[in-house]
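Have a look at the structure below before the remarks.
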Amino acid sequence: MFSPPGRRSGGHLNPAVTVSLWLMGAFPARNVVPYALAQLAGSAAGTGLGRSVWGPAASLPSVDYAAIVPAPTWQPTSVFVAEAGSMTIIIVAVGFTMTHARHARLVPYVIGLSVALVIAGLGPRSGGSINPTRQFGPAALAGQSTDLWIYLVAPVLGAVLGAWLYHLLSRRRPLTRKVRGVAPGHCRCRAGCRSASW
């Protein structure tokens, strides 16, 4: 997020985040689909690269390309609610952080801490994905289609709900101003951050 490429692109590697930033006025609509396609392609390419680096060990049943599986005791409905709910909370937290000038620089830390908490709390239960690209590449190479739709849809739905809740609770104008000549991944939020990183 802080690297030059991250600042240039915006550093969001999650289609759900891209959608939420668009809905909150911090990302141009015309770039949502290209970003999402690039993110999904990166997921597949990264998984394939991992297979070439680690060899057959990556495809062993115990590893299965690191594809996520929920706990046997968790039903699909519970997994869906956990994945969507987690993303909703994260998006609301990020929205409020980006809105306040004093806290805008903390956005990457808020994101990192939030994702870490989701992984620690839900990893053993729902899988703790909250990112369609986290499951897309591994599931594609592992041939694992069971409940894949949940991991692709639930985070995006959660992001949409999060953006809606942000607008409902904040009563603020959109996070950004329209600025000409800004690179596609960049935003100019009222908080003064140069890009909508993550």
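Numbers for the structure displayed
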quantity	calculated
Some residue of the range 87-96 being touching a Pro at 6+ places or on another chain (Cβ under 8 Å), buried (at least 19 other Cβ atoms within 10 Å of the Cβ) and in contact (Cβ under 8 Å) with a residue 60 or more places away in the chain	yes
Hits in the range 68-84 - residues which are surrounded by fewer than 19 Cβ atoms within 10 Å (Cβ to Cβ) and under 19 Å from the mean Cα position of the chain (by Cα)	Val69, Val81
Test: residue in the range 39-57 that is closer than 23 Å to Ile90 by Cα, free of Cβ contacts under 8 Å to residues at least 60 places away in the same chain and either in contact with a strand residue (DSSP E or B) (Cβ under 9 Å, 6 or more places away or on another chain) or of a type outside the set (Ser, Thr, Tyr) (or both)	no
Filter result for the condition that a residue is closer than 19 Å to Gly158 by Cα and not in a helix (DSSP H, G or I), over Phe80, Phe27, Phe96	Phe27
Qualifying residues in the range 137-184 (those that are farther than 27 Å from Ala66 by Cα and among the polar types (S, T, N, Q)) - the one modelled with the highest pLDDT	Ser170
Candidates Cys189, Cys193, filtered to the one that is modelled with pLDDT under 50, out of contact with any strand residue (DSSP E or B) (no Cβ under 6 Å at 6 or more places or on another chain), of a type outside the set (Gly, Ala, Ser) and within 17 Å of Ile91 (Cβ to Cβ)	Cys193
Selected residue (criterion: farthest from Gly55 (Cα to Cα)) from residues of the range 114-167 that are open to solvent by 30 Å² or more (accessible area, probe 1.4 Å), touching a residue at least 60 places away in the same chain (Cβ under 8 Å) and among the aromatic types (Phe, Trp, Tyr)	Trp164
Test set (1) within 21 Å of Ser145 (Cβ to Cβ); (2) of a type outside the set (Val, Ile, Thr); (3) surrounded by fewer than 17 Cβ atoms within 10 Å (Cβ to Cβ) - Asp64 fails condition number	(3)
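So that you can scan it fast, the table gives a plain yes or no per residue for (1) aliphatic (A, V, I, L, M); (2) over 18 Å from Ile119 (Cα atoms):
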{"residue": "Pro4", "(1), (2)": "no, yes"}
{"residue": "Trp22", "(1), (2)": "no, yes"}
{"residue": "Ser52", "(1), (2)": "no, yes"}
{"residue": "Pro61", "(1), (2)": "no, yes"}
{"residue": "Ala67", "(1), (2)": "yes, no"}
{"residue": "Trp74", "(1), (2)": "no, no"}
{"residue": "Val79", "(1), (2)": "yes, no"}
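The values are calculated or read from the model by the stated rules, or taken from the named source; none is laboratory data. What you see is a predicted model; the values in this text were computed from it and never measured. Glycine gets a Cβ as well: all are built from the backbone with ideal geometry, and neighbour counts include every protein chain shown. For accessibility, only protein heavy atoms count, side chains too; no ligands or nucleic acids. Shrake-Rupley method; radii C 1.70, N 1.55, O 1.52, S 1.80 Å.
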